[in-house]
1. Can you find a residue that is of a type in the set (S, T, N, Q), modelled with pLDDT of 95 or more, surrounded by fewer than 21 Cβ atoms within 10 Å (Cβ to Cβ) and assigned to a helix (DSSP H, G or I) anywhere in the range 120-139?
2. Is it the case that the range 87-100 has a residue that's of a type in the set (Ser, Thr, Tyr) and at positive phi?
3. Name the residues in the range 14-29 that are surrounded by fewer than 19 Cβ atoms within 10 Å (Cβ to Cβ) and either more than 28 Å from Ile69 (Cα to Cα) or of a type in the set (A, V, I, L, M) (or both), would you?
4. Has the range 187-207 got at least one residue that is of a type in the set (S, T, N, Q) and part of a helix (DSSP H, G or I)?
5. Could you identify the single residue in Leu237, Leu192 that is buried (at least 19 other Cβ atoms within 10 Å of the Cβ), in contact with a helix residue (DSSP H, G or I) (Cβ under 6 Å, 6 or more places away or on another chain) and of a type outside the set (D, E, K, R)?
6. Out of curiosity, is Pro181 out of contact with any Lys or Arg (no Cβ under 6 Å at 6 or more places or on another chain), part of a loop (DSSP other than H, G, I, E, B), in contact (Cβ under 8 Å) with a residue 12 or more places away in the chain and within 24 Å of Met218 (Cβ to Cβ)?
7. Ala169 passes all but one of (1) part of a helix (DSSP H, G or I); (2) small (Gly, Ala, Ser); (3) surrounded by fewer than 17 Cβ atoms within 10 Å (Cβ to Cβ); which number fails?
Amino acid sequence: MSIPAVACYSELGYTQRLPAVLWMPGSPNLKEDLIPLDLLSTWADRGFFVLSIDRPFHGQRPGDREDQIRRRGLPAVYGDYVVDLIHAIDYLSLRAEIDPQRLGMVGLSTGGLEALMVGALDPRLKVIVSVSGHLVWPQIFATQAWKAIFTGLPMADSMIAAGMSGEQALAHLSDHMPGLPLIDAARIVPLLAPRPLLLLGGTLDPLVPAASFEATAMAARESYASAGAPESVSMYLEPGRGHALSKRMQARALAWCERWL
């Protein structure tokens with residue numbers, strides 16, 4: 001199987017093994033969308049081997065993302081994403097330039113949720129950074145953010161037209177998308193403790209509202225305290241920021257990975 005990817009690392013990789021970071025954008029973004037942000041080159045200049053892939057149904061990959069979600073449901077499609085990201089970690093573990101004991105993942109939006117899910121499933125990830133990937137369904141549906149997330153999905157459009165409440169819509173979607181309640185950041189973060197975890201978001205995010213971020217942060221604080229590692233989790237909700245990766249967030253993510261990898 002071939003997975004289109006872009007990698008970036010400095011000449012340090014010729015003489016020593018580097019820490020590696022799997023860096024994922026949101027959806028429907030492509031791996032190349034990280035290049036104009038100078039993320040790959042900046043992190044490579046700081047001594048990291050950086051990799052990003054096209055997840056299934058994106059970029060150079062065949063298939064239509066929206067059609068897949070309509071036919072199979074969001075959990076099944078996310079499952080495809082996670083499988084390929086674990087393959088990407090397999091690849092990183094085999095590169096001669098990389099120290100396989102120093103692997104991390106950073107993701108934005110869908111990539112942020114992927115970082116949480118992959119971290120929960122693959123202990124090879126030693127550091128996880130999630131930016132605006134903190135979907136906690138009760139909060140998402142209570143704040144009506146679900147309408148923006150699922151817009152264009154015929155089932156969601158019909159629920160909106162029917163005037164369903166958030167609670168009714170969540171129950172309806174959960175019935176038709178088995179496994180949806182499991183893709184919940186507040187349920188996932190306890191599985192990451194005690195590995196270093198950084199949560200980043202914006203107070204004005206229309207897709208991942210502050211209530212969803214706070215529910216994830218609370219679950220993280222409690223689980224990391226129980227694991228005896230409260231210093232291994234950190235969170236920052238940037239005032240006035242929407243669903244975007246700010247320079248301040250980029251700096252915090254880089255500093256976190258430099259500290260722990």
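The values are calculated or read from the model by the stated rules, or taken from the named source; none is laboratory data. This structure is a prediction, so every number in the text was calculated from the model and none was measured. Every residue, glycine among them, receives a Cβ derived from its backbone with ideal geometry; neighbour counts consider all protein chains shown.
1. Start the filter on the range 120-139 by keeping residues that are of a type in the set (S, T, N, Q), which leaves 130, 132, 139.
Adding the requirement that they be modelled with pLDDT of 95 or more leaves 130, 132, 139.
Narrowing further to those that are surrounded by fewer than 21 Cβ atoms within 10 Å (Cβ to Cβ): none.
No; the residues of the range 120-139 include none that is of a type in the set (S, T, N, Q), modelled with pLDDT of 95 or more, surrounded by fewer than 21 Cβ atoms within 10 Å (Cβ to Cβ) and assigned to a helix (DSSP H, G or I).
2. Scanning the range 87-100 turns up no residue that is of a type in the set (Ser, Thr, Tyr) and at positive phi.
3. Result: Tyr14, Thr15, Gln16, Arg17.
4. No - not one qualifying residue is present in the range 187-207.
5. Leu192
6. no
7. (3)
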